[in-house]
Amino acid sequence: MEARRDNTIICTNACFGLGIFRVLSIISKVPMPAPGSEIPAAQPIDLATALARMDVAANLRQVSGRGAGVHPLRVYKPSVPETEFNKRFPSPYRVESVSIYEADRHHWETDRSYWQFMQNFQYVSPKWGTIEIPKGFYTDFASVPPQLHSFVDDDSPIILLPSAPHDFLFTKQKDKNYTRGWIGDVQLSLTEVNEVLTEAMSFCGAEEWIRDGVFLAVEIANQGIKNEFRIGP
C-alpha cells in the first residue's frame with residue numbers, strides 16, 4: 001500500500017513470492033463434487049465460496065505440510081524482477097470502498113466488502129495481451145473466508161491485483177450477447193480465464209501449490225456457467 005486517505009486506497013507495485021508443488025498432489029487430496037451437489041452452480045461462484053465448499057484449506061495444509069495453527073503467509077519474496085512486474089501491472093491500482101447501503105441498492109451479498117475502480121487498471125498477460133479494467137468497475141477482491149487466511153488473505157499481495165482481471169472476465173458483456181470471458185473481440189474459455197488468474201498470481205509471489213488449489217477450486221465450482229464462455233479449442 002502506498003497510501004490510505006479516507007476510504008481510498010492507492011496500491012503500488014509491491015507483490016512478492018516463489019512457487020513449488022505439483023497439481024496432481026492437490027487434485028488427489030481435494031474431494032470431487034458428488035452427484036446432485038451444489039457444484040456445478042448455475043451462477044458464478046467466487047473464490048471464497050469455491051474454496052470453502054471444497055474444504056481446500058484442510059487439503060492444502062496436508063499437501064503443503066503446514067499445520068492448522070500456522071499464521072497467514074504475509075512474507076513474500078519477489079518472483080520476478082521489479083521491471084517485469086511493472087510491465088505486467090503498469091497502472092496504479094486505485095479503488096474506493098463501497099458502503100453497505102450502496103451494496104444493498106445493487107442487491108449484492110453484504111457478507112463481504114466491495115470496491116470500485118477510480119481509474120483504469122491494466123494487467124498485461126504474456127499470453128493474452130492487455131486486459132483493461134475500466135474506471136467504475138466493481139470488484140469484491142475475491143474475498144477469502146477466515147478459515148483460509150492461513151493461505152490467502154483477501155488483501156494479500158498474491159491475490160489482490162490478480163483478482164481484478166479475473167473478476168472482469170467473469171462479468172457478462174452486454175455487447176457480446178451477455179456472455180463472459182472477453183478480451184476485446186477474443187473470447188476465452190472458462191479454463192483460460194482461470195489460467196489468467198493463476199498466471200497473474202505467479203507475478204505476485206503466489207507459491208505453485210496455492211495457485212494450483214485456487215485454480216482447481218474456481219474451475220470445478222463454475223462448471224455450471226462454462227457454456228457462457230468460449231467452448232472448444
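State the Kirkwood hydrodynamic radius of the stretch 157-205 in Å, one decimal place, computed from all pairs of distinct Cα atoms.
One over the average 1/r among Cα pairs gives 11.1 Å for the stretch 157-205.
Taking the beta-carbon count within 10 Å as an exposure proxy, list MET201, MET118 from fewest neighbours to most.
Going from least to most buried by this count: MET118, MET201.
List the residues whose amide H sits under 5 Å from the amide H of TRP182, counting only those 5 or more places along or on another chain, with H placed 1.01 Å from N in the peptide plane.
Excluding prolines and chain starts, which carry no amide H, the hits are LEU188.
What does the charge dipole of the stretch 104-213 about its Cα centre add up to, to the nearest 20 debye, if the Cβ of each Lys and Arg holds +1 and the Cβ of each Asp and Glu holds -1?
Here the stretch 104-213 has a charge dipole of around 460 debye.
No lab work stands behind these numbers, since they all come straight from the coordinates. Nothing here was measured: the structure is a model prediction, and the numbers come from that model. Neighbour counts run over all protein chains shown; Cβ positions are idealised from the backbone, glycine included.
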